[in-house]
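Here's a structure for you.
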Amino acid sequence: MADKHARGEDEMTHAAMNTGARAQAQSTIAQDDLAELIASRICHDLVSPMGAVNNGLELLQLARGASEPEIDLIEQSIAHANTRLRLYRLAFGAVGDTQMIAPGEITSLLQALSAQGRHEYSWAAETSFNRRYIKLVFLLILCLETALPWGGRVTIEEAPGGLRLEALCERMKLEDTLWDMLELRAPMQGLNAAKVHFGLLAQELQRQDMTLSRERETGLLRLHLCSLSNPRCTSNAQRP
C-alpha cells in the first residue's frame, strides 16, 4: 500500500514538472517573439495617422490649386516615413513561418528606398520567398546602410545555396568586429540603438540555421546568405 502511494506521488510530481517545463518553454517562446510583436504593433499603429496626414495634405493641395515648396517638403517627408515603416515592418516585425512574399512586393519597397536615399537597390531574383527568409535580406540592407553611409548600388540575386548581395560604392565604412561576429554566428554584445539591426540579424541567422559570408574588394562588398543544411554552402561559419 505504501509503495502504491509512493508511486502515485512520483507520478503527480513528474506530471507537475512536465507541466512546469511546458509553461516555461511557452513563456520562453513568447519572450523571443516579443520584440517582433512590439515592432509590428508600432508600425501598425503609425500607418493610420501617416495616411491621415497624407490625405490632409492632398486636400490642402486641392484647396490651394498649386504646389508650394513647403507642401512639397511635407509630401517628401511623409513618403520617406511610410517607406521606412514598410522596411521596419519587414525587418523587425513578426512574420509567420509559412507566409510568402512575391517579387513585386519586394521590388516595390526597394524602388521606394532607392528613390529617397543615397542607396540604389536592384532585385534580380524571380522566385517568391518565405517572409521570414526575406527578413534576413532587409536586416542585411539596414546593415549595408550602416556600412555605406556615403551611398552605393546594391544588387540582390539568387546564388548557389541562397542569395547574394553585391554592393558597389566609392567608399565604405565596415566595422569588422560586427561583421566578423555575423560570419561566426556569435552573440552580439555592447550594441547601441543605431546598430541594433546587427544583433537582430545575428539572432535571425541562428533561428533560420543560415550563415553569412563576405568578400571585400576595392569598391565592392559581396555578401552571401546560405543555408547550413545545403551542401553547396561553403561558409566558414561554425554551428553553435
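Label-point separation (nm) for residue 191 and residue 128, each offset 7 Å from Cα along Cα-to-Cβ?
In this crude spin-label approximation the distance works out to 3.1 nm.
Using 1/(1 + (r/R0)^6) with R0 = 25 angstrom and r between the beta carbons of residue 159 and residue 36, what's the FRET efficiency to the nearest 0.05? The partial results should precede the final answer.
Details: r = 27 Å, r/R0 = 1.08.
Approximately 0.40, to the nearest 0.05.
Using amide H atoms built 1.01 Å from N in the peptide plane, name the residues 5+ places from residue 121, or on other chains, whose amide H lies under 5 Å from its own.
114, 154
Nothing charged except the Cβ atoms of Lys and Arg (+1) and of Asp and Glu (-1): what's the magnitude of the dipole of the stretch 126-240 about its Cα centre? Round to the nearest 20 debye.
The dipole magnitude comes to about 260 debye.
Go ahead and collect, in residue order, the members of the stretch 205-219 whose backbone nitrogen is under 19 Å from a label point 7 Å along the Cα-Cβ direction of residue 97.
205-211
If each of residue 58 and residue 214 carries a label point 7 Å out from its Cα toward its Cβ, how far apart are those two points in nm?
4.2
What FRET efficiency would be calculated for the residue pair residue 118, residue 228, taking the C-beta separation as r and a Förster radius of 30 Å, to the nearest 0.05?
0.35
Pop the C-beta distance of residue 111 and residue 72 into the FRET formula with R0 = 22 Å and round what comes out to the nearest 0.05.
With R0 = 22 Å, the Cβ-Cβ based efficiency is 0.65.
Next up: What does the charge dipole of the stretch 170-233 about its Cα centre add up to, to the nearest 20 debye, if the Cβ of each Lys and Arg holds +1 and the Cβ of each Asp and Glu holds -1?
Working: 9 positive and 9 negative charges, 20 e Å.
Rounded to the nearest 20 debye, it is 100 debye.
What is the Å³ per residue value for the convex hull set by the Cα atoms of the stretch 144-193?
In the stretch 144-193, the Cα convex hull volume per residue is 105 Å³.
How compact is the stretch 98-240 by the rule of thumb for globular proteins, expressed as Cα Rg over 2.2 N^0.38 Å? Could the numbers behind the result be given before it?
Numbers: Rg = 14.4 Å, N = 143, 2.2 N^0.38 = 14.5 Å.
Taking N as the residue count of the stretch 98-240, the ratio is 0.99.
Quick note: the coordinates plus some simple rules give every number you see, no bench work behind them. Keep in mind it's a predicted model, so treat the numbers as computed, not measured. Using ideal geometry, Cβ is built from the backbone for each residue, glycine included, and neighbour counts are taken over all protein chains shown.
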